[in-house]
Structure formats: structure tokens, C-alpha cells
Amino acid sequence: MRRFYGISIIICFFIFLSYSIVNAKIKVVTTFSDFASITKEIGGDLVDVDYLSYGDQDPHFVPPKPSLALKLKNADLLISTGLDLEMWLTTLQDKARNKNIMDGAVGFVTVSPGIDILQKPDAGSLSRTEGDVHVLGNPHIHTSPLNWIPISENICIGLKRVDPVHADIYEKNQKIFVDKVDRALFGDALVDLFGGRQLETLLQNGTLFEFLENDYEGEKLVNKLGLFFKRFWIECDRLYRIQTRYSPYSQTCRGHHSVDQRQRCDGHAGRQLF
């Protein structure tokens, strides 16, 4: 009887242990809160997310405190920009002594692959006399809503790598996140008509706003823009109105300024603003 009782306890223990392992959340630490928010969108209830730098801190200079190293000690996944923005991160990785999140390890992810990095300096023109110079280009990629899409793709890859059992869930949630971004930027009507990927391509090519000047069902497509770009459109119109004393989208100056200034507007939306 005692033997049976002992075997029952052992069986219950292993069942409990197996349940705990299966239901354990993936511990993710990101360098910035922006990446943490995207990770939560993709990981949902499967992840426990924390971050190292707050929005009111200078991202170039985060003190490598012991408390931050402790956050990394038991992390399954570390997410960073991947350029030369977080030069302070290596010190924290060393202090944490977590081999799973070191550079090149399965639990280390950079979100910059696939993004067109702006403002890359010429190798011959690099000089510290110019102040803070990013030798790999402008690393502030998280300020662009359009960049959130490749960032989410890289985060999804990292989550699938450390937790392949739930790969299907991560992929599904990532697609839902991308759809949210597209609809916030372009509006439900345009996304339903053309698809988010096509609108992203038009924006990146600098032809979105010119395309939106076309008529559809008795009105301009631009009237279907989402809130984000509608505000940008209004601000762009206001600035050009000040510069030219005309609206570049009004009938009075369309013949003189429409093509050139729509291209400039697209350029600002696709690269400068983002």
C-alpha cells in the first residue's frame, strides 16, 4: 500500500512538472518599450515582457545598473535594435551571465534586418568632430510606424526560435498586428480595397499621395485615408499653403505644383517623417 502511495505521489509530481513546463511563459526583455509593446501583441498570454529603457531616457546612454542585469539573467529572449544605438547593452549581457541571450545565441534578436536604414555616412567623412555619429546610419527605426511591420516580423522569428511549439500562434498574431498598423495608417476603406501590402509599397515608392488623387465612386481616394495619414495630409497641405500661398491640392495651383509637390509630400511621408 505504501509503495502504491509513493508511486502515486511521483506520478502526480511529474504531471504537475510537465504542466508547469508546458504553461510557462517565455521571458522576453527588450531594450525599449516600443519593442515590448509589439512583442506583447505577438506573444499575447504566452510571453512575459519587460524592457530596459523608459521613453523619457536617452536611448544612447542607459546606465548598466545591476537591476537591469537581473532582468536579463533568466530571460529566454533579448530583443534589441541591432545597430549602434544600444552600445550599453553588451555590458549588461556580460553582467547577466546568460549565455542564451548573448550575440549570436538563439535567444538574441535584432529588429533592424529588412529595414532601409537612412542617413548612412560615407566612410571617408566620419569624424567625431561632428558630434554623435552613427556609423551604421540612423538607428532610430522604431519611430516609424511603417517600420513596425519588419520589426514585428523579426520579433516573430525570435519567438518562434525559442518557442517553436507555439509558432502558429505567433505567426497569426503577427499578421493581425500588421493589419492593425495598416488600418491605422491608411484606413479601413483603402486597406479593404487595395490591401495593406500594396499601400505600403506605394508609400515606399513615393507614389501614394499621387495615386490617392484618383477618383473612386464619385470622390477622391484621399478622402478614405486613415486618421494618421489624414492628419499628415492636412499638415502637408498647410505647410505648402504657407510656402506657395496656394494649396498644392487645390484647383488654383494644381497645374503648377501638383506633380512636384505630391512627390515631395510622398517623400516626406515615406522617408523623412518615418
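Data for the structure
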quantity: Residue within region 167-180 that is under 22 Å from GLN119 (Cα atoms) and not acidic (Asp, Glu) present; calculated: no
quantity: Helices (runs of 4 or more DSSP H) wholly inside region 20-106 containing at least 1 residues that are modelled with pLDDT of 95 or more and within 21 Å of LYS175 (Cα to Cα); calculated: 33-43
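This table checks each residue for (1) out of contact with any Ser or Thr (no Cβ under 9 Å at 6 or more places or on another chain); (2) closer than 28 Å to ASP163 by Cα.
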position: ASP56; (1), (2): yes, no
position: PRO63; (1), (2): yes, no
position: SER80; (1), (2): no, yes
position: LEU92; (1), (2): yes, yes
position: ALA105; (1), (2): yes, yes
position: PHE108; (1), (2): no, yes
position: LYS120; (1), (2): yes, no
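The values are calculated or read from the model by the stated rules, or taken from the named source; none is laboratory data. Keep in mind that this is a model prediction, so the values were computed, not measured. Note that each Cβ is placed from the backbone with ideal geometry, even for glycine, and that neighbours are counted across all protein chains shown.
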